[in-house]
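Chemist: Here it is, the structure, as structure tokens.
The values are calculated or read from the model by the stated rules, or taken from the named source; none is laboratory data. None of these values were measured; they are calculated from a predicted model. Neighbour counts are summed over all protein chains in view; Cβ atoms, including those assigned to glycine, are modelled from backbone coordinates with ideal geometry.
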Amino acid sequence: MKNNLKYLMLVAITVGFHSCDKEDYSLAGADIGGNTLLSDTKISVFDTNEDLSMKFITADDLTVKAVEISKDGSKIADATITGKTATFSSSALGDFLFGDDLDKPTGTFNLDFLSTLSNGQTYKNNYTIKIAKAITIAKKQVSVKHLDTTSQKIVFKSFTHNATIDTKTIEWKKGKNGTYAIDSNPVFDGSKLTIELNEHDYATTYGLVAMDTLYYKVTLTSGTLSDSEETSVAIVAQ
């Protein structure tokens, strides 16, 4: 009866985590008294050597003694365990290269976690870690009217799990074949860059008139790594 109560409590706690968290956590080990929950399931292209966290739910008389992480059937890391939590380095994932030609920096890693309890029993969990861009366009503008005072915005957003962003460079150019130049006026507010298009006199600031196209590019760096995003806005007549 006592063991049954512990099992029911573990399942209830695990389901509680499941219902409150956005990730789809497995109940793989609940029937033997433990479960491993991966906390960090999304990182950026800059997070190539950062700690990724997991947490454990166990019956009162059990602890997790070891966790092996595998990718494509091969072990890549042992988690470093501290009480009810553990970490492993994202460097164990290998190069962030995806696609048929291994030329895309974003994608997913499918991992298997083999956890060993203090009573010697083991259980498995399967998780996916998503590798995302460090800079994305959250809001685009296809076109604006020349000298229009209506609020029209382009919004860029930066993201890393824990990696430091060293530089943020904002550039503009006139037309597809133009040359990019630094634009020092827009600035990031935390992880968000908002460019208010209605605040620009395109003829004065960029030498643009109706029928021209304005390009913006934002480039971030972290150490030797870089990531950029570009968008264009057609300038149309009033």
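Chemist: Counting only residues that are assigned to a strand (DSSP E or B) and crowded, with 16+ Cβ neighbours inside 10 Å, which one in the range 169-193 is farthest from the chain's Cα centre (by Cα)?
Modeler: 174
Chemist: Can you tell me which residues in the range 222-231 are surrounded by 17 or more Cβ atoms within 10 Å (Cβ to Cβ) and touching a Lys or Arg at 6+ places or on another chain (Cβ under 9 Å)?
Modeler: 227, 229, 231
Chemist: Condition test on residue 95, is it surrounded by fewer than 17 Cβ atoms within 10 Å (Cβ to Cβ), of a type in the set (D, E, K, R) and assigned to a loop (DSSP other than H, G, I, E, B)?
Modeler: yes
Chemist: Hey, another quick one. I'd like the full set of residues that are among the polar types (S, T, N, Q), out of contact with any Leu (no Cβ under 9 Å at 6 or more places or on another chain) and farther than 15 Å from residue 37 by Cβ, limited to the range 83-128.
Modeler: 91, 106, 108, 110, 116
Chemist: Okay, next question. Of the residues that sit in the range 126-163 and are part of a strand (DSSP E or B) and in contact with a helix residue (DSSP H, G or I) (Cβ under 8 Å, 6 or more places away or on another chain), which one is modelled with the lowest pLDDT?
Modeler: 144
Chemist: Right, next: Of these, 237, 210, which one is of a type in the set (A, V, I, L, M), more than 22 Å from residue 134 (Cβ to Cβ) and loosely packed, with under 14 Cβ neighbours inside 10 Å?
Modeler: Among 237, 210, only 237 is of a type in the set (A, V, I, L, M), more than 22 Å from residue 134 (Cβ to Cβ) and loosely packed, with under 14 Cβ neighbours inside 10 Å.
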